[in-house]
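Below: one structure, written as structure tokens.
The values are calculated or read from the model by the stated rules, or taken from the named source; none is laboratory data. As the structure is a computational prediction, the values presented were derived from the model and not from experiment. A quick note on method: Cβ atoms are made from the backbone with ideal geometry, for glycine too, and the neighbour counts reach across all protein chains shown. Quick note on the areas: whole protein, heavy atoms, side chains included, nothing else; ligands and nucleic acids left out. Shrake-Rupley method; radii C 1.70, N 1.55, O 1.52, S 1.80 Å.
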Amino acid sequence: VQLQASGGGLVEAGGSLRLSCQVSGTVFRLDTDWYRQAPGKQRELVAGIDTSDVAHYEDSVKGRFTVSRDGATNTVYLQMNSLRPEDSAVYYCRAVRLGRTYWGQGTLVTVSS
């Protein structure tokens, strides 16, 4: 299983970005989460979607971020709206299957004030 994250960039506060996590090497839907890590901080869980496509969110992003899946392409998206400077971080996708954890390479999101 390989994960390829993309879609990061520089955006002004209040703007939007959509991150993509392309999952390859499996035909199965995986529990897939988005994490982020800001400089000097621990990596934290932001949002995720399970194999039944039920989503969950960390409190600070509820109502602003939406996680979804395109089953045809096995891609998980993170739509981020109303971005804030504190959302700036490297965003990673992570998937779990049969007790094994897989990470994508990270994509940088920078939100300017």
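Return the ratio Rg/(2.2 N^0.38 Å) for the chain, where Rg is computed over Cα atoms only.
1.00
Which log10 I(q)/I(0) values does the stretch 1-59 give at q = 0.18, 0.24, 0.29, 0.30 Å⁻¹ under the Debye formula, counting every alpha carbon as one identical point scatterer?
With one equal scatterer per Cα and no solvent, log10 I(q)/I(0) is -0.81, -1.22, -1.31, -1.31.
Per the 1.4 Å probe, what fraction of the accessible area of the stretch 26-70, in percent, lies on carbon and sulfur atoms?
With neighbouring chains kept in place, the figure for the stretch 26-70 is 48 percent.
Calculate, for the chain, the solvent-accessible area per residue in square angstrom, rolling a 1.4 angstrom probe over the heavy atoms of the protein chains.
So the chain comes to 52 Å² accessible per residue, rounded to a whole number.
If each of residue 110 and residue 38 carries a label point 7 Å out from its Cα toward its Cβ, how far apart are those two points in nm?
Using points 7 Å along Cα→Cβ, the separation is 1.6 nm.
Within the set of other residues whose C-beta is less than 9 Å from the C-beta of residue 53, count the net charge using Lys and Arg as +1 and Asp and Glu as -1.
After counting each charged neighbour, the total is +1.
GNM on the chain, C-alpha springs below 10 Å: top fluctuator among 25, 63, 48?
The residue that fluctuates most here is 25.
Go through 23, 54, 82 and say which Cα lies farthest out towards the positive end of the charge dipole of the chain; charges sit on Cβ, +1 for Lys and Arg, -1 for Asp and Glu.
Positive-most Cα among the choices belongs to 23.
Given points 7 Å out from each Cα along the Cα-Cβ axis, report the residue 59 to residue 28 separation in nanometres with one decimal.
My value for the distance between the label points is 3.4 nm.
In debye, nearest 20, what is the charge dipole magnitude of the chain about its Cα centre with +1 on Lys and Arg Cβ and -1 on Asp and Glu Cβ, if you could check?
Using Cβ point charges on Lys, Arg, Asp and Glu, the chain gives about 200 debye.
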